[in-house]
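Here the structure comes first, spelled out in structure tokens, and everything after it is commentary.
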Amino acid sequence: MIVQEHFLKKLRAAFDLNIYEVKIWTALLSMGVATAGELSEVSNVPRSRAYDVLESLEKKGFIVMKLGKPIKYLAVKPEEILKRVKHLIELNADARIQSIDKVKEEGIFADLELLYKQGIQHVDHASLSGSVKGRDNILMHLNGLLQNAEKTITISTTPEEFLRKIQNLRSKFKKAGAKGVKIRVALPKMTDQIKDELKDLNKVFQIKIVPGLNARFVIVDEKDLLFMTQDDKSVHESYDTGIWVNTPYFAQALEKMFDAYWRE
């Protein structure tokens, strides 16, 4: 079996393997059972490295060492490997989350907060701004803004973007609504998909349809403004860009313009 280079690259990225590991593994998959020497020859991996690579693959659960002499190796069923890798990722993710949670419980987090508060005192208010690139990053930044909302959240958006916001930030919207935060949303049109997503959020949002509205922005507490620079239907999600500004002056002015649309 001749394995294409691009196929090996995809496997390396998906399973977090080095080039020797992926070559030995695919060679064994194609042969079913083989010795280290046979795998070295087929995969073009130096024989001196083959044993280390096989030991590594065995620890990761990709192969099994067959009892007997000479020592041979068997490939594990790919479906089983997917389950093992996924389980390992979940375990590592849980461990990382617990580690991060512990930081907040320990004194180190208080020190970080103190450093931030000391530093922010020296920042010019006009400097509190930044560019956020990529829809995932935009949603993450918006997640932080919603979490800190105390009074109002004002949203002008497209149906497609509002759907993404609901699906990704549902819990944050619910918590904000439970705190008494007033959340208004202006959309150019309503869709059946949005209606389905809103079944458990009817009391959270105040929604108005404003035909012809073509703007994407979020204002939080009339001071934090996040606005998108392009139409989400004309830009790839990786290049979608948001501009965040902490500016009560401009945020309040935009809020008043939104109020005018809202009343009409």
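I need every pair where a residue in region 227-253 that is of a type in the set (A, V, I, L, M) has its Cβ under 8 Å from the Cβ of a residue that is surrounded by 14 or more Cβ atoms within 10 Å (Cβ to Cβ) and in a loop (DSSP other than H, G, I, E, B), sequence separation at least 6 or different chains.
Going by the 8 Å Cβ cut-off, the qualifying pairs are 228/216; 228/240; 245/128; 251/222; 251/223.
So if I check each of 102, 23, 77, 59, which one is of a type in the set (Lys, Arg) and modelled with pLDDT of 90 or more?
Every option except 23 fails the conditions.
For region 183-242, list the strands (runs of 3 or more DSSP E) that sit wholly inside it and hold at least 2 residues that are under 11 Å from residue 157 (Cα atoms) and modelled with pLDDT of 95 or more; which are they? Show your work before the answer.
Numbers: elements: 205-209, 217-220, 224-228.
Those strands (runs of 3 or more DSSP E) span 217-220.
Kindly indicate whether any position in region 172-179 is in the same structural domain as residue 227 (by TED's automatic domain parsing), farther than 23 Å from residue 227 by Cβ and exposed (fewer than 13 other Cβ atoms within 10 Å of the Cβ).
yes
Please find, among 53, 45, 132, the residue that is at pLDDT 85 or above, assigned by TED's automatic domain parsing to the domain that holds residue 228 and surrounded by 10 or more Cβ atoms within 10 Å (Cβ to Cβ).
132
For the list (1) outside any strand (DSSP E or B); (2) touching a Phe, Trp or Tyr at 6+ places or on another chain (Cβ under 9 Å), I need the number of the one condition that residue 172 fails.
Checking residue 172 against (1) outside any strand (DSSP E or B); (2) touching a Phe, Trp or Tyr at 6+ places or on another chain (Cβ under 9 Å), the one that fails is (2).
Identify, by number, the condition in (1) modelled with pLDDT of 85 or more; (2) in a loop (DSSP other than H, G, I, E, B) that residue 138 doesn't meet.
(2)
The values are calculated or read from the model by the stated rules, or taken from the named source; none is laboratory data. Since this is a predicted model, take the numbers as computed values, not measurements. All Cβ positions, glycine included, derive from the backbone under ideal geometry; neighbour counts span all protein chains shown.
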